[in-house]
Amino acid sequence: MKRIRIFALLLALCLLAFCASCAKNGGDHDTTTEALATTESTTQMSTTEAETEPEIDAAYVMDSFVRRLQEGNYLIDVEDNLDTVVYSPEQVYFTYSEDSGLESYAYMTVKGETFAGTLDETSMYDITFVSTEKAIDAAASVLPNSWITLSGGNMWDLFYNNVDNILEFTSNDENVKRTLLSLGGYGPFALSRCEEVHMVMDAPDPTSVHFTAVIPDNEAARIYYDDLDLTLQFDAAKSDPRIEKWISSPTYPPTRNAWTSDDIAMLDNVFMRDFGTTAVPFPAFASYALNFDPDAYDQRTEVRIIDAHGTEKDLEDYKAMLLSKGFQEVPVELEDGSSVNVYRLLLREDYRSYAELYPYFDNGFVLDGGLYHDDPVYEGQAAISEVLVENGFEALPETDVFTGWTATDHSAAQTEGWAYFFNYDLYMPMVLSYEDANAAKAYWKDYGNKLAKKGFISSFAPGEDDLRYESPNGFVIFRTTWGEDNTVLLEFKNEKSLTAEQVNALIKEHGIPEANVHGDIGSRNLTGYYYEISGFKGLNLQVFQPFKNRAEAEKFLDAYVPVLDEAGYLMMDPQKLNSQKPFLYFNEELAKYVAFDLMEAENGASVNIDFVSIEPEEESLMLNAIRR
């Protein structure tokens, strides 16, 4: 810029000298004025052009990369594996090599709707509706485009720049690695070994991007990897004639008339196994566009179902159908103060568990659904104290130190949220406020002492003044967490535990050698949990058997192991049955096993035992694991 200004100044001086000479020789004065004006205009133009020219730095390069991804014309060619082709935002396809044994497939957008199809040598078939997004968005989860969404548009959350080279970037993000490894044909175990990814552009506005990463071999497992080496090429993708043939004369999927097995699995995951189709009746008006929103399905908590062809009349018909099936219409207030009507159906009375559906119209039929638990609320110290005593705690001494005596028992929601791995009789957190910190801390310290006299054991709590007491079997727990705003969080938990008599009866009923568990044991019946996650039927008991010392624990095992031997149980590697216990005895003929460990602590010892019985006729995941 300095050179431009100096040149302009010299030019102006020369013109002045020239024009002065002209004036001495009778030249026109207006010519000099025009020359000066022209020079000034030229100088301003040159300066403006220089200032508006974008600065070429790493941010410019990354922005160019993101823009090119979104424009949607690129390919990634992996020899002998997969060609990933993004021809346009409306056409994306994946072509596998013949040796891979995998089917090629495509996403294509027609009239605002995206479909997926399988590709053979000459055509496309098995067409399914995907969404109303464009093809590039529907397929984004397996494309580098997913990085834009994952980073919220800020790719610096995933990459950092080489300070010595604006074209080179590095990422340690697992999502970046997972995308590239998947496109490169690597198996899932490569992810844990993949080192940082290097991304190098060929120019500030790239036409090709080179990705590399070192993947060390797993010598112990005798698994050997080629290092990651992929190249993404922009403006190199071409349309596929098989896709163009379908687009020119599309054959749409058939109308939906029932939930698929995948649909039912998703519904069961949200509403618990065997309850999914009861919780969400199939809409009679469904078109081929009825589908589940994958972004709404998160951690088994809710489901969103959309039919872009659904009308407002379809919505009203569905509401009427819900009422005819026993759903109750209930007004619910939203955070913004407005109110909507939801539809609830009682699914499991023992857990106060309801299906809650909210159907509405938003450019089509939309249904949001999830579980609702009618959790009991206790108001006042006396009511809270009463429920605590019922669950094995001490009564709360009367006090005026605290305010905010309101508590909700979330035991049902917590139990079903854990898919019955933990089964609570009480799960009651509450927050109390106080003014006198010393009095507040003294109150709960005294309460902890009362629990200790009842047999509770003080255990580790992270905060300096925090308390944690648990029953000898570890199933009844009280804890405090002190806040910085004159509040204290209290948690009271009472987890269901089978008695020794109940455990011995179940073991005997399922043909496992009797172990004579006794005393104040802790025991989880995990049969329901494994049924939820895999369809398992049989028995799965987890037992915590306490002893005064290690010698007593060893005596118990010395008596029980010979009983297992006599019953045909052989010692085997626990890992083969996915057991975390170090010792396992298995009867393959009966498909039953007993696994255990011995733990020693300051206040005694314990033997932790798993009793597992598989019903031979059941095709459960656990049975399959045993047969392998």
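The values are calculated or read from the model by the stated rules, or taken from the named source; none is laboratory data. Computed from a predicted structure; not experimentally measured. We place every Cβ from the backbone using ideal geometry, glycine too, and count neighbours over all the protein chains shown. Protein only, heavy atoms only, side chains kept; ligands, DNA and RNA dropped before computing areas. Shrake-Rupley method; radii C 1.70, N 1.55, O 1.52, S 1.80 Å.
Model label points for residue 383 and residue 578, set 7 angstrom from Cα along the Cα-to-Cβ axis, are 4.3 nm apart. If you take the Cα centroid of the range 67-100 and the Cα centroid of the range 421-459, the two points sit 59 Å apart.
Between the range 487-544 and the range 131-149, how many Å separate their Cα centres? When both Cα centres are located, 45 Å separates them.
Each Lys or Arg adds one and each Asp or Glu takes one away; over the other residues whose Cβ falls under 14 Å from the Cβ of residue 67, this sums to -3. Taking a ≥ b ≥ c as the square roots of the eigenvalues of the Cα gyration tensor, the range 224-338 is prolate, since a/c reaches 1.5 or more and a/b is larger than b/c. Here is the list for the range 538-598: trypsin sites (Lys or Arg not before Pro) lying in DSSP coil, each with at most 16 other C-beta atoms within 10 angstrom of its C-beta, are 548.
Temperature 37 °C, viscosity 0.692 mPa s: under these conditions the Stokes-Einstein estimate for the range 384-506, based on its Kirkwood radius over C-alpha pairs, is 213 µm² per second.
Net charge near residue 247, counting Lys/Arg +1 and Asp/Glu -1 over other residues with Cβ under 13 Å of its Cβ? It works out to a net charge of -1. Computed from Cα atoms, the angle from the helix 312-324 axis to the main principal axis of the chain rounds to 0 degrees. Built from the Cα atoms of the range 125-232, the convex hull projects on average onto 9.3 nm², one quarter of its surface area. Stokes-Einstein diffusion for the chain at 10 °C, viscosity 1.306 mPa s, with a Kirkwood radius from C-alpha pairs, works out to 50 µm²/s.
Counting protein heavy atoms only, the range 61-100 has 37 percent of its accessible area on carbon and sulfur, 1.4 angstrom probe. Comparing Cα centroids, the range 397-417 and the range 288-328 end up 34 angstrom apart. The share of Cα pairs per 5 Å bin across the range 490-563, counted from zero up to the longest distance, runs 3, 14, 20, 22, 19, 12, 7, 3, 1, 0 percent.
Rounded to the nearest 10 degrees, the angle from helix 437-453 to the longest Cα principal axis of the chain is 40 degrees. Accessible surface computed residue by residue for the chain, with neighbouring protein chains in place and a 1.4 Å probe, gives 53 Å² per residue.
Rounded to the nearest 10 degrees, the inclination of helix 381-390 to the longest alpha-carbon principal axis of the chain is 60 degrees.
The fraction of accessible area contributed by carbon and sulfur in the range 364-421 is 51 percent, rounded to a whole number (1.4 Å probe; ligands and nucleic acids excluded).
Pairs to check: 493/555; 445/493; 537/592; 496/592; 454/548. Give those whose C-alpha atoms are more than 21 Å from each other in this structure. In this structure, 493/555; 496/592 exceed 21 Å between Cα atoms. Where a ≥ b ≥ c are the square roots of the eigenvalues of the C-alpha gyration tensor, would you call the range 204-245 rounded, which needs a/c under 1.5, or, failing that, prolate if a/b is larger than b/c, or oblate? It is oblate, given that a/c is not under 1.5 and a/b is not larger than b/c.
Taking the Cα atoms of the range 169-240, the ratio Rg/Rh between the radius of gyration and the Kirkwood radius comes to 1.04.
With the simple model of a label 7 Å out from the Cα in the direction of the Cβ, residue 518 to residue 552 spans 1.0 nm.
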